[in-house]
Amino acid sequence: QVQLVESGGGLVQAGGSLRLSCAASGRTFSSDAMGWFRQAPGKEREFVAAISWSGGNTYYADSVKGRFSISRDNAKNTVYLQMNSLKPEDTAVYYCAADWRIYGLAPRMIHYWGQGTQVTVSS
């Protein structure tokens, strides 16, 4: 059974930092892209960041560029999202995703998803 399990969410004040982790099990994703999406209440799921299978290419939404950093450890089958300078508008459920490609794909086209972790940024 393939699982993506996120952790590291929580409540933080504006300007603070959080580090999300997504551990995969059931199969290796070392040949797949991985990424993060988020969904705020009443809004559609939106792309946040993605990383290629080798880690050599990273992609970010304009809204998080310069503040968030995605990385991966293929030996641990894990992807990370370091979030700095957090803003109240970053509040959302953050989802880990994995597939042959992430950047540029609509969420409905992506096969593997985690259950999500809540990030709340207070002002």
Where both residues lie in the chain, what percent of DSSP beta bridges are antiparallel, nearest 5?
90 percent
Students often get this wrong: which residues of region 26-55 have the backbone nitrogen under 19 Å from the point 7 angstrom along Cα-to-C-beta of residue 103?
30-38, 46-55
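Return the carbon/sulfur percentage of the accessible area of the chain, one whole number, probe 1.4 Å, all protein chains in place.
Working: 3030 of 6350 Å².
Roughly 48 percent, rounded to a whole number.
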Nearest-10 value in Å² for the accessible area of residue 29, using the 1.4 Å probe:
0 Å²
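List the GluC sites (Glu not before Pro) in region 33-123 that DSSP assigns to loop (not H, G, I, E or B) and whose Cβ has at most 14 other Cβ atoms within 10 Å. Which are they?
Details: sites: 44, 46, 89; in loops: 44.
Here the sparse-neighbourhood loop sites are 44.
Whole number in Å², please: accessible area per residue of the chain, 1.4 Å probe, ligands, DNA and RNA not counted.
On the way: 6350 Å² over 123 residues.
Result: 52 Å² per residue.
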Dipole of the chain, Cα-centred, from +1 at each Lys and Arg C-beta and -1 at each Asp and Glu C-beta, to the nearest 20 debye?
60 debye
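Find the Cα radius of gyration of the chain, compare it with 2.2 N^0.38 Å by division, and give the number to two decimals. Walk me through the numbers on the way to the answer.
Working: Rg = 13.3 Å, N = 123, 2.2 N^0.38 = 13.7 Å.
Expressed relative to 2.2 N^0.38 Å, the Cα Rg reads 0.97.
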Please list, in order, the residues from region 1-41 whose amide nitrogen is less than 11 Å from a point placed 7 Å along the Cα→Cβ vector of residue 118.
10-11
Cross-link reach from residue 76 to aspartates and glutamates, straight Cα distance under 18 Å and at least 8 residues apart if same chain, gives 6, 32, 99
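The values are calculated or read from the model by the stated rules, or taken from the named source; none is laboratory data. Every value quoted in this text rests on a predicted model; they were computed, and no experiment measured them. Counting neighbours? That spans all protein chains shown, and the Cβs are built from the backbone with ideal geometry, glycine included. All accessible areas refer to the heavy atoms of the entire protein, side chains included, with ligands and DNA or RNA removed. Shrake-Rupley method; radii C 1.70, N 1.55, O 1.52, S 1.80 Å.
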